[in-house]
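Q: Can you keep this structure in mind? I'll have questions shortly.
The values are calculated or read from the model by the stated rules, or taken from the named source; none is laboratory data. Owing to the predicted nature of the structure, the values given are computational and were not obtained by experimental measurement. Cβ placement follows ideal geometry from the backbone for every residue including glycine, while neighbour counts extend to all protein chains displayed. Remember, those area values only see protein heavy atoms, side chains included, never the ligands or the DNA or RNA. Shrake-Rupley method; radii C 1.70, N 1.55, O 1.52, S 1.80 Å.
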Amino acid sequence: MSNPPSHRPRPEYPRPQLRRDRWSSLNGEWAFGFDDDGVGLREQWFALTAQELAGTQLDQRILVPYAPQSKLSGIASDGQHDLVWYARTVTRPGDARPGDRIFLHFGAADYHATVWVNGIQVADHQGGHTPFSADITDALDAEGATSTLVVRVADQMTALDLPRGKQYWLPQSEGIFYTPTTGIWQSVWLEPVAPAAPDRAAPDAGPGHRRRRAGDRAGR
């Protein structure tokens, strides 16, 4: 990757209405590669370390959270690549407390994202414009050493049955259609979260009212 910025891109907290004080951004430089032959799953790239991938299959560098089609990503790809892979190292956040659960959050990845930590699948999400999260606590290295985070994103750019907004399915934009977006295009971050509190009975609201517990869903 040429001339990466000295600052971390998109440093602001991604969810201002649901802000937690303890969080760490994973925006920045990741190992990256195209999988035009679709061999990544068969060759189990997800089981390799970030260092192994960076030296072989993922020999490019991308600046997350910018899509590979954008200049800011450092890739500026103008070709059709329906499968892309990312990798980087992560560690248990330093401000995590004993017993905390560690959540990995993605603001968005277009379109079908699969996520592994140390070769263990922790998430599988379809939807290019919606956020998703995964509890990765049990997949992280138990001794607190460095772990490998791998992300595969599949986006059939010419599939007209996928929700695409104004993303164009042809190589060159025209009219109201924009350049397509593939892969991670919103912030990625970690959050240590305290374990869920035990269910507690709510006060009795009187006859005809069902007692609710902390774990109940509204309307259930």
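Q: Of the conditions (1) surrounded by fewer than 22 Cβ atoms within 10 Å (Cβ to Cβ); (2) not in a strand (DSSP E or B), Gly128 fails just one. Which one is it?
A: In the conditions (1) surrounded by fewer than 22 Cβ atoms within 10 Å (Cβ to Cβ); (2) not in a strand (DSSP E or B), Gly128 misses (1) alone.
Q: Looking at (1) assigned to a loop (DSSP other than H, G, I, E, B); (2) among the basic types (Lys, Arg); (3) modelled with pLDDT of 95 or more, can you tell me which one Arg152 breaks?
A: (1)
Q: With the structure loaded, tell me whether Asp95 is more than 14 Å from the chain's Cα centre (by Cα) and either open to solvent by less than 50 Å² (accessible area, probe 1.4 Å) or among the aliphatic types (A, V, I, L, M) (or both) or whether it fails that test.
A: In short, no.
Q: Let me ask something additional. For segment 49-67, give me each residue that is open to solvent by 40 Å² or more (accessible area, probe 1.4 Å) and without any contact (Cβ under 8 Å) to a residue 60 or more places away in the chain.
A: Once the filter is applied, which keeps residues that are open to solvent by 40 Å² or more (accessible area, probe 1.4 Å) and without any contact (Cβ under 8 Å) to a residue 60 or more places away in the chain, segment 49-67 yields Gln51, Glu52, Gly55, Thr56, Gln57, Asp59, Gln60.
One line per residue, one yes/no per condition, for (1) open to solvent by less than 80 Å² (accessible area, probe 1.4 Å); (2) at positive phi; (3) in contact with a Leu (Cβ under 7 Å, 6 or more places away or on another chain); (4) at pLDDT 95 or above:
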position	(1), (2), (3), (4)
Ala113	yes, no, no, yes
Val117	yes, no, yes, yes
Thr137	yes, no, no, yes
Thr148	yes, no, no, yes
Thr158	yes, no, no, no
Val193	yes, no, no, no
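Q: Name the pairs: first residue in segment 14-42 and more than 15 Å from Gln60 (Cβ to Cβ), second residue open to solvent by 90 Å² or more (accessible area, probe 1.4 Å) and assigned to a helix (DSSP H, G or I), Cβ to Cβ under 6 Å, at least 6 apart or on different chains?
A: Nothing qualifies.
Q: Report, by residue number, each residue of segment 97-120 that is charged (D, E, K, R) and in a loop (DSSP other than H, G, I, E, B).
A: Arg97, Asp100
Q: Also, quick follow-up: Would you please name the residue that is farthest from Thr137 (Cα to Cα), looking only at residues in segment 78-92 that are among the hydroxyl-bearing types (Ser, Thr, Tyr) and surrounded by fewer than 17 Cβ atoms within 10 Å (Cβ to Cβ)?
A: Checking each candidate, the answer is Thr89.
Q: Ok, one more. Working carefully through the options Phe32, Phe46, find the one that is assigned to a helix (DSSP H, G or I) and crowded, with 19+ Cβ neighbours inside 10 Å.
A: Sole residue among the options that is assigned to a helix (DSSP H, G or I) and crowded, with 19+ Cβ neighbours inside 10 Å: Phe46.
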